[in-house]
Amino acid sequence: MPNNSSYIVAQQISSKIESIFALHINEALLQGESNLAIKPSKFVVETIIDVAFWTSLRKEEGHSPKISLAYVYPNQLSNTLYFKKPLPLTSDALTKLASGVERSGVHIGICENDNGELCAWGTTMSLPNYCLVVDVPEPGLLVVKHRRISGLGKFTNVAILKGDQVKIINNDYSTNPDNPDVILALLDKLPEAKWSDEANIMIQLAISMRRHNRGGALLIVDHEIDNWRDSVVNPINYEIDPPYGRLANLIFQDKKNASEIFWQTALKREVDYIAGLTAVDGATIISKQFDLLAFGAKLTRAKNKSHVGKIYFSEPVEHNELREVYSGVVGGTRHLSAAQFIHDNIDAIALVASQDGHFTIYSWSEKLNRVHAHRIDTLLV
């Protein structure tokens, strides 16, 4: 069915998005996966993106809509909320509905009616695998995503649209040899994910760090090796003794309860607690087992270590090539000190949130023999 969308980006990107979802769903079928979404057509993609964009620019009682639109039919779900009379898929209808469905995890269900027109049939908090979702987090910003095949944690982003700017997530980025597991998890490339998996915990920490909007640095170190202390100004402002292990206990002792709501709630509370400490000036330091060791730590170059100099920088979006840059180009002092820390402690990982919303993971690349900065805010939105 033809569409007359007025948001030109919707026309430009719809065929690409259609092909991405078709590829994911076809591959999942071949692998014997179940509970799969219906493949969205070019018409469906274009129409939902167009309406979502214009809705994002509207206001209701002074508030901008924050909504999530999911292409799913009611017969694919259970325990959902149905409208007796489906709503037309228009900016007016969605704007009026937005205030009631802006909470995280609530999606407006979209499907085609008997006339082939898209309508909003109700709301749902559960979705099939690879279901097309278009989120509106702020005016002019759209995030095209899908439910991760494991059904856990954050959805996997497919594209970020901001006005006339388009960023398509590059799935081939996952083939980089030295990617940290947290990036592979964000790209939905880690099999058999669990709530308690270390990569999933790091994703939740990154999201929480980014959410407080104050910037921050989180260093993940090997607690059994004290070399990292050579890169920290002593005494540390807020060193924890003994290490705070509540998050670690939840992860490693309660895995059998990982599907229970109370466990997930406790986990989120501890994640937010540690992520909140990153807003304090200086770096927060945790062990690879997620014990809190310190926060507010000032970083310095370790003795007998060279200056970090040039590093490699990349972003997991199409048409973005790996670049060699000076470490100070990526960001300010927080980024520079994180790059130096990884240069001095190659077994560590640094998560750095900027106040402008950028988020960067610093890790050591054995292949490149240098620090690699991965800009991943496109995966976290």
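The values are calculated or read from the model by the stated rules, or taken from the named source; none is laboratory data. Nothing here was measured: the structure is a model prediction, and the numbers come from that model. Note that we place each Cβ from the backbone using ideal geometry, even for glycine, and neighbour counts take in every protein chain shown. Ligands, DNA and RNA are stripped out before the accessible areas are found, and what is left, the full protein with its side chains, is counted by its heavy atoms. Shrake-Rupley method; radii C 1.70, N 1.55, O 1.52, S 1.80 Å.
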> Are any residues in region 61-111 open to solvent by 30 Å² or more (accessible area, probe 1.4 Å) and assigned to a strand (DSSP E or B), and if so, which ones?
Replying inline: HIS63, LEU81, TYR82, PHE83, LYS84, LYS85, PRO86, LEU87, PRO88
>> Condition first: farther than 17 Å from LYS310 by Cβ, surrounded by 22 or more Cβ atoms within 10 Å (Cβ to Cβ) and of a type in the set (Val, Ile, Thr). Now tell me which residues in region 347-365 satisfy that.
In response: VAL352, ILE361
> Tell me, which residue of region 220-230 that is of a type in the set (Asp, Glu) and part of a helix (DSSP H, G or I) is nearest to ALA339 (Cα to Cα)?
Replying inline: ASP230
> Across region 278-291, what is the number of residues that are hydrophobic (A, V, I, L, M, F, W, C) and more than 18 Å from ASN249 (Cβ to Cβ)?
Replying inline: 4
> Which one of these is open to solvent by 60 Å² or more (accessible area, probe 1.4 Å), under 19 Å from TYR73 (Cα atoms) and either assigned to a helix (DSSP H, G or I) or modelled with pLDDT of 95 or more (or both): GLU18, GLU27?
Replying inline: GLU18
> Across region 188-219, which residue is modelled with the highest pLDDT among those that are assigned to a loop (DSSP other than H, G, I, E, B) and in contact with a strand residue (DSSP E or B) (Cβ under 7 Å, 6 or more places away or on another chain)?
Replying inline: GLY215
>> Being closer than 18 Å to LYS288 by Cβ and surrounded by fewer than 17 Cβ atoms within 10 Å (Cβ to Cβ) is the filter here; which residues of region 213-228 pass it?
In response: ASP222, HIS223, GLU224, ILE225, ASP226, ASN227
> Taking region 37-60 on its own, how many of its residues are open to solvent by less than 10 Å² (accessible area, probe 1.4 Å) and of a type in the set (S, T, N, Q)?
Replying inline: 2
> For region 148-169, what are the residues that are at pLDDT below 95, over 24 Å from THR95 (Cα atoms) and not β-branched (Val, Ile, Thr)?
Replying inline: ARG148, SER150, GLY151, LEU152, GLY153, LYS154
>> Report every pair of residues separated by at least 6 positions or lying on different chains whose Cβ atoms are under 6 Å apart, first residue within region 265-282 and under 13 Å from ILE203 (Cβ atoms), second surrounded by fewer than 21 Cβ atoms within 10 Å (Cβ to Cβ) and of a type in the set (A, V, I, L, M, F, W, C).
In response: none
> Any chance region 75-87 includes a residue that's within 27 Å of the chain's Cα centre (by Cα) and within 23 Å of LEU161 (Cβ to Cβ)?
Replying inline: no
>> Given the criteria touching a residue at least 60 places away in the same chain (Cβ under 8 Å) and within 18 Å of THR360 (Cα to Cα), does ASN237 qualify?
In response: no
>> Tally up the residues in region 161-177 that are over 24 Å from VAL136 (Cβ atoms), open to solvent by 80 Å² or more (accessible area, probe 1.4 Å) and not in a helix (DSSP H, G or I), please.
In response: 1
